[in-house]
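The values are calculated or read from the model by the stated rules, or taken from the named source; none is laboratory data. The structure displayed is predicted, hence computed values, not measured ones. Every residue, glycine among them, receives a Cβ derived from its backbone with ideal geometry; neighbour counts consider all protein chains shown.
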Amino acid sequence: MASVYTTLAIIGMIYISPVLIPALFLVGVLYDFFNSELPPGIDQPLKLRFFHALMIAAMIVGKILQKVGICNDLTVLRIVLDGIPPWRDSKLLIKDLKVDEVPLRIYQPKSPPTGKRRGILYFHGGAGTFGSIRAFERICRYLAKKCNSVVVSVGYRLAPEHPYPGQYFDCLNTTLYFMRNLEEYHVDPALIIISGDSCGANFATVVCQILLNSRDLPKVRAQVLLYPGLQGLDFQLPSYQQNAWVPVLFRKLVLYFCFRYLNKEPTVLKDVLNNCHVCESTRCKYKKWVSADLIPEEFKVRGYVPPTPASYKPEVHEAIKEILALTFSPLLAEDSVICQLPETYIVTCEFDVLRDDGLLYKKRLEDNGVQVTWYHSESGFHGILALFGYGIFSFLSGKKIVDSLVNYINSL
């Protein structure tokens, strides 16, 4: 079915392309120029503006094609963000397979192993609604070669076609498959790393928490969380205020994609942005873990105004209560779970609305005795790794993040 939608979308784009696509890209450029903010210090702002305009144009084209009944509005965005496939790599063996209908792509160095290798599971970002194995091909190839590792890229099925929380089950089931077949891939059971970026980092976090109850499986050596989104409790944290209009993930877009992911109409979006979905008892219960008071002061210097507590609206909570579940908000797990988690590598980006989710989880892990290695990209923004490996179209901050990650993995 996905290929049918893709074909229809391509036909639709060809049909409207002679005049409308250039015009819509111009609309995207104008929208970006008048709505986005590029703070001093952000990496390569003009290049970022171009890619953000392209993303906005893809979303507009998708809305038009949905209106005329050609395809789902997310289809065009998925096509654009899938990127361009790289050339064949003579240094890697690349294998595609499916586990319970979930696509996997497995990357192995061709050079004969001198011993058992590390095994890296990678869950891509994309708000659970877009992104793919192909979109993150370059990162996975790079990790396989530079870390002499077996990398398993998981193409979990996307919402809303495959409803939440199916994405977690897809990631968990493929992880279980890999863990039970380590011998086939010459992987050391003591060197399994579960990783992901953005929502993929959320999935990695949840999988690591679930696996704590699996005594018959190898223990995870480390979790790697690249600019993770980990909570739906507070959308007024300093990073949400400071980066509300920083591409490519506006504050409102976070909630828009959350609603799409959960297959809900965004009728209460503004109320959720104001935290009207959280009652006072819940807010007090989790204040010890989710609060601007826990964010280091150096991350407030770009501006932060403590918000006036919003009035709780039960109907808003009922409409979007899933975002407080532990699958969606693993930052809210109990200390008895957090203290058992494996060594962790966390990346945060300064110009990212989700920055503080990473900072709060870092503090929680450290408070519970879990070793954390933290890399903060002072000029990075959300989604920067999606353009890794594209030469002049990539961002220097993204390369630094990946090289730091490689150094961390090689130290294990």
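Before we move on, is LEU269 under 26 Å from GLY41 (Cβ atoms), surrounded by 13 or more Cβ atoms within 10 Å (Cβ to Cβ) and of a type outside the set (Lys, Arg)? Break it down into steps so the answer makes sense when it comes.
On the way: under 26 Å from GLY41 (Cβ atoms): no; surrounded by 13 or more Cβ atoms within 10 Å (Cβ to Cβ): yes; of a type outside the set (Lys, Arg): yes.
Here the answer is no, as LEU269 does not meet what is asked.
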Only residues that are at pLDDT 95 or above, assigned to a helix (DSSP H, G or I) and touching a Phe, Trp or Tyr at 6+ places or on another chain (Cβ under 9 Å): list them for region 388-402, please.
-> SER397, GLY398, LYS399, LYS400, ILE401, VAL402
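Is it true that GLY125 is touching a strand residue (DSSP E or B) at 6+ places or on another chain (Cβ under 8 Å), more than 23 Å from GLU334 (Cα to Cα) and assigned by TED's automatic domain parsing to the domain that holds LEU405? Before the answer, list the steps.
Details: touching a strand residue (DSSP E or B) at 6+ places or on another chain (Cβ under 8 Å): yes; more than 23 Å from GLU334 (Cα to Cα): yes; assigned by TED's automatic domain parsing to the domain that holds LEU405: yes.
Yes: the conditions hold for GLY125.
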Has region 229-249 got any residue that is farther than 17 Å from THR348 by Cα, hydroxyl-bearing (Ser, Thr, Tyr) and part of a helix (DSSP H, G or I)?
-> no
Looking at region 1-84, what helices (runs of 4 or more DSSP H) fall wholly within it and have at least 2 residues that are at pLDDT below 65 and farther than 20 Å from ASN243 by Cβ?
-> 2-16, 20-35
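Filter region 138-187 down to residues that are of a type in the set (D, E, K, R) and assigned to a helix (DSSP H, G or I) and give me whichever is farthest from LEU81 (Cα to Cα). If you could, list the steps in order and put the result at the bottom.
Applying the first criterion (of a type in the set (D, E, K, R)) to region 138-187 yields 138, 141, 145-146, 157, 161, 170, 180, 183-184.
If we keep only those that are assigned to a helix (DSSP H, G or I) as well, we get 138, 141, 145-146, 170, 183-184.
Numbers: ARG138: 13, ARG141: 18, LYS145: 24, LYS146: 25, ASP170: 21, GLU183: 35, GLU184: 33 Å.
If we take residues in region 138-187 being of a type in the set (D, E, K, R) and assigned to a helix (DSSP H, G or I), then GLU183 is farthest from LEU81 (Cα to Cα).
Does VAL151 fit the bill of being buried (at least 20 other Cβ atoms within 10 Å of the Cβ), modelled with pLDDT of 95 or more, more than 27 Å from PHE51 (Cα to Cα) and of a type in the set (Val, Ile, Thr)? Please lay out each step first, then the result.
Details: buried (at least 20 other Cβ atoms within 10 Å of the Cβ): yes; modelled with pLDDT of 95 or more: yes; more than 27 Å from PHE51 (Cα to Cα): yes; of a type in the set (Val, Ile, Thr): yes.
Yes, satisfied.
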Filtering region 204-239 for residues that are at pLDDT 95 or above and over 16 Å from PHE178 (Cα atoms) leaves a count of 20
Only one of PHE169, PHE123 is touching a residue at least 12 places away in the same chain (Cβ under 8 Å) and among the aromatic types (Phe, Trp, Tyr); which?
-> PHE123
